[in-house]
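The values are calculated or read from the model by the stated rules, or taken from the named source; none is laboratory data. What you see is a predicted model; the values in this text were computed from it and never measured. Here the Cβ positions follow ideal geometry from the backbone for every residue, glycine too, while neighbour counts run over all protein chains shown.
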Amino acid sequence: MAGILVMMGPVNGYAGTGNSKMAESGRIIAKTAAGADPGPEITAPSAILMEASTGTVICEKNADEPRNPASVTKIMTLILIFDALQSGKIHLTDEVVTSAHAKSMGGSQVFLEEGEIQTVETLIKCIVIASGNDASVAMAEFVGGDEGTFVKMMNERAKGLGMEHTKFIDCCGLTNSPEHVTTARDIALMSRELITKYPQITNYTTIWMENITHVTKQGSKEFGLSNTNKLLKMATNFEVTGLKTGSTSIAKYCLSATAKKDGVELIAAIMAAPDYKARFKDAVTLLNYGYGNCRLYKDETPPELPKLPVNGGKEPEVELSYGEPFTYLGLHGEDFSGMERELTLEEDVNAPVKAGDRLGTLSYRLNGEEVGNVPVIAAQNVDTAGFADYMKWMTGWWRMKGEEAGGTFRR
């Protein structure tokens with residue numbers, strides 16, 4: 001089955017800002033850009049800057065040093081909450097009863113009382129906006145049955161994301177255990193999972209202040225939530241979208257900051273900054289560096305795909321589709337207007353064909369060099385034809401021939 005090569009001309013369709021050197025785009029896992037440097041000078045001992053859609057690491061500083069993340073831990077707690085929402089296990093309107101254990105949490109809290117009932121959505125706001133440890137434990141118990149089981153789920157989820165240097169001991173980051181650790185890289189990985197899989201999280205992470213109502217045996221009273229992420233009110237040349245702060249005497253000051261500008265979404269993870277102002281300053285420094293040097297190419301309109309002939313199949317042709325959209329992160333001043341595409345397909349394929357079978361490739365070239373590709377796959381199953389199928393075809397063929405002959409005779 002020889003391949004057909006279809007040459008496509010220059011294409012446009014990129015988003016981004018600044019100038020940059022090309023870095024291979026990532027898919028599900030994070031990749032470090034070729035030639036990535038430590039980036040600008042910051043005060044925090046550990047940090048990383050990642051582009052969200054590709055997972056490309058733009059710059060990093062001691063990004064694999066395990067450290068205590070404090071309340072940045074809650075990013076994984078939120079991932080599991082939204083996993084449960086997506087699966088239908090829980091709903092935003094479900095009511096959660098606060099346990100004595102949840103009520104006993106110290107540190108940052110929203111002062112839930114034992115037996116107090118709040119909805120899932122209200123508790124999400126308490127976690128995201130006010131970093132409530134009590135709210136985190138209440139949700140951990142609601143989703144996992146108890147906090148210990150939920151923490152096991154957190155560690156399994158972390159493993160699935162490739163967070164190689166992470167171990168959670170609790171669901172909120174309040175623990176003093178030296179075993180409760182993660183890294184700047186792993187924070188970026190779980191932040192990426194949260195904002196790309198559940199973009200609705202920004203409906204909560206961008207809230208500056210909001211009131212909730214405590215209803216207890218003592219009556220009802222309003223309680224104000226104030227966002228711990230002060231980046232939301234800082235003057236920047238990009239849109240701050242989140243994500244989570246954290247600080248304890250052990251962890252010092254940590255932050256996962258997310259932002260958008262001109263279609264590019266960046267994640268800056270800061271660990272162990274010396275004070276709360278430094279973590280925000282370091283995040284702004286990294287994000288400014290990223291937006292000053294990054295451009296993201298996105299092929300929004302890939303070439304239309306033909307149907308491919310199938311030999312010996314129940315269907316004569318199989319429909320094709322692209323396995324994934326193509327994105328490419330530039331890091332040093334390449335002109336994307338010169339991007340070219342080459343579509344390579346099999347001439348035909350033998351049955352059986354399974355949906356997802358790779359039947360071609362769409363390659364991208366810049367200045368004559370291939371910079372990436374996406375698979376072209378079968379969009380449907382095509383089973384091998386049997387005797388009954390051949391008989392059906394023959395019957396149809398003879399009927400058609402008979403009609404043609406009869407038509408000729410009448411003329």
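Numbers below:
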| read-out | value |
| --- | --- |
| Residue under evaluation Lys74, criteria (1) over 21 Å from the mean Cα position of the chain (by Cα); (2) farther than 25 Å from Cys294 by Cβ; (3) surrounded by 15 or more Cβ atoms within 10 Å (Cβ to Cβ); (4) at pLDDT 95 or above, criterion not met | (1) |
| Wholly enclosed strands (runs of 3 or more DSSP E) of the range 237-304 bearing at least 3 residues modelled with pLDDT of 95 or more | 239-248, 252-261, 264-273 |
| Residue under evaluation Ser136, criteria (1) free of Cβ contacts under 8 Å to residues at least 60 places away in the same chain; (2) closer than 16 Å to Gly173 by Cβ, criterion not met | (1) |
| Residue, modelled with the highest pLDDT, within the range 312-366, restricted to residues that are part of a loop (DSSP other than H, G, I, E, B) and touching a Pro at 6+ places or on another chain (Cβ under 6 Å) | Asp348 |
| Residue in the range 109-117 that is more than 19 Å from Thr202 (Cβ to Cβ) and without any contact (Cβ under 8 Å) to a residue 24 or more places away in the chain present | yes |
| Selected residue (only one of Thr206, Thr245, Thr228, Thr236 is of a type outside the set (Phe, Trp, Tyr), surrounded by 15 or more Cβ atoms within 10 Å (Cβ to Cβ) and out of contact with any Leu (no Cβ under 9 Å at 6 or more places or on another chain)) | Thr228 |
| Top-ranked residue of the range 124-150 - restricted to ones that are closer than 17 Å to Leu243 by Cβ and polar (S, T, N, Q), ranked as surrounded by the most Cβ atoms within 10 Å (Cβ to Cβ) | Ser136 |
| Criterion (surrounded by fewer than 19 Cβ atoms within 10 Å (Cβ to Cβ) and touching a residue at least 60 places away in the same chain (Cβ under 8 Å)) met by exactly one of Glu265, Glu304, Glu334, Glu347 | Glu347 |
| Members of the range 111-127 found to be over 13 Å from Thr98 (Cβ atoms) and not β-branched (Val, Ile, Thr), listed by number | Glu121, Lys125 |
| Subset tally (residues that are of a type in the set (Gly, Ala, Ser) and not in a helix (DSSP H, G or I)) for the range 74-106 | 4 |
| Any hit, the range 208-226, residues being aliphatic (A, V, I, L, M), without any contact (Cβ under 8 Å) to a residue 40 or more places away in the chain and more than 19 Å from Ser131 (Cα to Cα) | no |
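Quick grid of which residues meet (1) in a loop (DSSP other than H, G, I, E, B); (2) modelled with pLDDT under 95; (3) among the charged types (D, E, K, R):
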| position | (1), (2), (3) |
| --- | --- |
| Thr122 | no, no, no |
| Ala130 | yes, no, no |
| Ala135 | no, no, no |
| Glu141 | no, no, yes |
| Val151 | no, no, no |
| Arg157 | no, no, yes |
| Gly162 | yes, no, no |
| His165 | yes, no, no |
| Cys171 | yes, no, no |
